[in-house]
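Worksheet: one structure, shown below.
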Amino acid sequence: PRIYGQYWFDKPALFYWLIMAGYAVFGVGETGARLPSALFGALTVCLAFWFARRSFGSVRAGVTAAVILGTSLEFWLLSRMIITDAVLMFFNSAALCFAWTGLGGDRRWLWAAYAAAGAAVLTKGPVGIVLPGLILLASVAVRRRWNLTYRLFDPVGLAIFAAVAAPWYAAMFLRH
């Protein structure tokens, strides 16, 4: 990505790839450019439903979470804008939801969390791993469940994260 003709490495390529996909489907224009934000906003509402239903064991909790998120003004606006925020929110939220689920036992959820964090890093840079990582570490500290710390640094999960995020960064490093 470039801004004013200068390479802009702070904004990784995933969001731009999604916009190009929107252009391929709807042509170059507003609809194609806004498609990624709208799509990932809708996916985040679905994720909120899934996580609340799973966490509280109730469809009503899922519907409540989805309605609250989907009708929040700032969320609604960000899901219509041509900025990375809606895509980043989805991947960061997925990383947190999957990690929380995975800390309860099944490592595959942790692996999915690492994949989501990798996609978040491809969307907006290091904030995609730093933000969910700090939130999860703070949760472990507040709950004083230090035994969960080792699960957060799962070697397979770290490899998955690297497989998702590293190729683009490596290619840009080698090229520039």
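A few notes on this one:
- For the chain, the carbon plus sulfur part of the accessible surface works out to 70%, probe radius 1.4 Å.
- Modelled label reach - residue 174, point 7 Å along Cα→Cβ, the range 118-141 residues with backbone N closer than 19 Å: 122
- Whole-number percent relative contact order across the chain, with pairs defined as alpha carbons under 8 Å at least 6 apart: 19
- Sorted peptide list for 113-121, 14-22, 143-151, 26-34, criterion being average Cβ within 10 angstrom, highest first: 113-121, 14-22, 26-34, 143-151
- Average accessible surface area per residue within the range 1-61, 1.4 Å rolling probe, Å²: 65
- Extension gain, residue 38 back to residue 17 (0.36 nm per residue minus Cα-Cα distance, nm): 6.1 nm
- The mean accessible area for residues of the range 71-174, using a 1.4 Å probe and ignoring ligands and nucleic acids, is 53 Å² per residue.
- Cβ-placed point charges (K, R +1; D, E -1), dipole of the chain about Cα centre in debye, nearest 20: 400
- Alpha-carbon centroids, the range 104-145 and the range 21-46: separation in whole Å: 26
- When each of the peptides 159-166, 84-91 is scored by how many other beta carbons lie within 10 Å of its residues on average, the order from highest to lowest is 84-91, 159-166.
- Percent of alpha-carbon pairs separated by more than 26 Å within the chain: 35
- For the range 47-63, backbone phi angles converted through the Karplus equation (6.51, -1.76, 1.60; θ = phi - 60°) give residue-by-residue couplings of 5, 4, 4, 4, 5, 5, 4, 5, 6, 9, x, 9, 5, 4, 4, x, 5 Hz, Gly and Pro being listed as x.
- Projected label points at residue 83 and residue 138, each 7 Å from Cα along the beta carbon direction, are separated by 2.1 nanometres.
- P(r) histogram, all alpha-carbon pairs of the range 1-87 included - 10 Å bins from 0, percent: 18, 36, 28, 14, 3, 0
The values are calculated or read from the model by the stated rules, or taken from the named source; none is laboratory data. What you see is a predicted model, and the numbers here were worked out from it, not measured in a lab. Here the Cβ is made from the backbone with ideal geometry for all residues, glycine too, and neighbour counts use every protein chain on show. In case anyone asks, the SASA skips ligands and DNA or RNA and just uses the protein heavy atoms, side chains included. Shrake-Rupley method; radii C 1.70, N 1.55, O 1.52, S 1.80 Å.
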